[in-house]
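The values are calculated or read from the model by the stated rules, or taken from the named source; none is laboratory data. Just so you know, these numbers come straight off a predicted model, no measurement behind them. Every residue, glycine as well, gets a Cβ built from its backbone with ideal geometry; the counts of neighbours run over all protein chains shown. Heavy atoms of the whole protein, side chains included, go into the accessibility calculation; ligands, DNA and RNA do not. Shrake-Rupley method; radii C 1.70, N 1.55, O 1.52, S 1.80 Å.
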Amino acid sequence: MTSAGAHREVADAAWRWVLDQVRWDDGPWIPESSAAEIPEQRDGTYAGTGGLVQALAEIRLTRPWTAEEQALVDAIAERLRGQVPTMTDYTYFDGLVSAIGVFTTLGIPGATAAVRRLSELAEPDGWPQTILKPPRVLPGSRFNDLTLGTAGVLLGALWALRHGVEEARELADRAADLLLLESEPVPGGTNWPFVPVRFASGKPFTQMPNLSHGLAGIATVLALAGAELGRPELTSAAVDGAKYLLSLGVTDGRGFVVPRYIPDDESDEDKYTYNWCHGASGTSLLFLALDQAEVKEIAGETPLAWHRRCLHSVRTSGLPARLHPGFWDNDGRCCGTAGVGDVFLDSWLRSGERDDLGFALQLADTLVDRAVWDGPYAYWRFLEHRADEPLLPPGIGWMQGAAGIATFLFRVSRLTVEGPNATVIPRMETWWTLPAQRRQTSAVVRNADEPGRSAEPSTWT
């Protein structure tokens, strides 16, 4: 097993590479990959500078920021504050919900302005999306999902409310009410499609029922909202969604997994995957949210039992081995190894299951092995087996690049030294997965005088 020092070495080299990709034009920005062009969503969490803030939050628990990093943080914050008043993208990945995450992570003013802007943009039936347009959808279409839709607004509002933004309560209630209106009764429970059926201009959309764009993510946020807002009807809706999700999946022995697409007859991808966005790792978070909402039982088992089933399916799937072309060719947070590793680290902190830590360390070792070294730099290149040149350019940002992967390695190296009582920073998209006593909001700058401990031989591996 690779040592904490080796994890840290690769993390440092990858983060140095990320910093050297930062460009400056009306503030800092990073390319989506090594190609140098300003992306449209330059300030977002998914592939923009907002994701660098999330990385720096973990780094700050490992060591003090350098002057270069402090200057980058200040510039990101300054630019984002200037963008919020005219921002029209409302999403968790790239828009105003992302901005709430950046401001709260830094512990600086800005979340209130983002909440107000979200309220200004709201129309009677939700928030205007610009990703899908006619003729694929009818004019005025909406999204329901966690990362691009109304559920994401609800998540951001709940997070702002937990950070003391009182105006976020009204926004949260509004988003929750809209989700209730968009619910579709189905045999065995309730469903929320990615795009409501009334907006489809042709055949119904293929459903992606897991966390990022589907039922699992929407039910997760409704469960959290039920508990946070004291609205039991939201919890009931989440339970009905979970029941329907269970009917879509496969219970195989000790596991549980849901197809990534329904129907899947037009896809050449594997029927099941195991990542954060479309697989069992992300879907496992639903059951922790239901446990947070004090739901006792679903389909004959406790939410925590269903959570363990999801993790069992992940652990026994064969990942991180590339079993065949198209299986586990991604090492990022969204779709690959780093995202799964973080889910298992959080589970270890919450449950104390040593096997969860062991699997997270196995994934960290894989990332060390797959790192591409270029002089003092390290980065990762994913595979697209259907392309003539299957090796993709190295990604830079949080969800699909070196910033997010390095953050996982920084965290692994620190937690395996400091143990289960190590400091953690709750994040908007996972705070409920942590032990109950460690779910309180915390900003990285509040620990500015408490540099992280240096790496010593671990007693936890």
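Relative contact order of segment 1-114, taken over Cα pairs closer than 8 Å and 6 or more residues apart, is 20 percent.
Amide H contacts of Gly332: Thr337, Ala338, each under 5 Å away and 5 or more positions distant or on a separate chain (H built 1.01 Å from N in the peptide plane; Pro and chain starts excluded). Backbone amide hydrogens, once placed in the peptide plane, bring Gln207 within less than 5 Å of Ile262, excluding anything fewer than 5 places away on its chain. Measuring from centroid to centroid over Cα atoms, what is the spacing of segment 147-177 and segment 29-51 in Å? One Cα centre to the other: 25 Å.
For segment 367-423, rounded, prolate or oblate, judged on the Cα gyration tensor with a ≥ b ≥ c (square roots of eigenvalues), a/c < 1.5 rounded, else prolate if a/b > b/c? Prolate, because a/c is 1.5 or more and a/b exceeds b/c.
Ligands, DNA and RNA excluded, the heavy atoms of Tyr244 present near 40 Å² of accessible surface to a 1.4 Å solvent probe.
Sorted largest first by accessible area at a 1.4 angstrom probe radius, with every protein chain in place, the residues Ile396, Ile425 fall in the order Ile425, Ile396. Measuring nothing but how far apart in sequence close Cα pairs (under 8 Å, 6+ apart) lie, relative to its length, segment 24-65 scores a relative contact order of 26 percent. Each peptide in 105-111, 433-439 was scored by the mean count of other Cβ atoms within 10 Å over its residues; highest first, the order is 105-111, 433-439.
The trypsin sites (Lys or Arg not before Pro) of segment 321-420 that DSSP puts in a loop, and whose beta carbon has at most 10 other beta carbons within 10 Å, are Arg386.
Taking 0.36 nm per residue of separation and subtracting the Cα-Cα distance, what length does fully extending His324 through Ala75 add?
On the way: separation 249, 0.36 × 249 = 89.64 nm, distance 4.37 nm.
Extending this stretch completely gives an extra 85.3 nm.
Per DSSP H run of at least 4 residues, take -39500 (n - 2.57); add these up for the chain, divide by its residues and hand me the 222 nm value, nearest 500 deg cm²/dmol. Roughly -14500 deg cm²/dmol at 222 nm, from the helical runs in the chain.
Take the alpha carbon gyration tensor of the chain, find the square roots of its eigenvalues, order them as a ≥ b ≥ c, and report rounded if a/c is under 1.5; if not, report prolate when a/b exceeds b/c, else oblate.
Working: a/c = 1.34, a/b = 1.18, b/c = 1.14.
Because its axes are fairly even, with a/c under 1.5, the chain counts as rounded.
Pairs of lysine residues in the chain that meet both criteria, 8 or more places apart or on different chains and Cα atoms under 29 Å apart, total 6.
Peptides 259-265, 303-309 ranked from most to least packed by the mean count of surrounding Cβ atoms within 10 Å: 303-309, 259-265. Taking a ≥ b ≥ c as the square roots of the Cα gyration tensor eigenvalues, segment 244-294 comes out prolate, since a/c reaches at least 1.5 and a/b is larger than b/c.
Summing +1 for each Lys or Arg and -1 for each Asp or Glu among the other residues whose beta-carbon sits under 13 angstrom from that of Thr86 gives +1. Normalised by the number of residues in the chain, the mean separation of alpha-carbon contacts (under 8 Å, six or more apart) gives a relative contact order of 21 percent.
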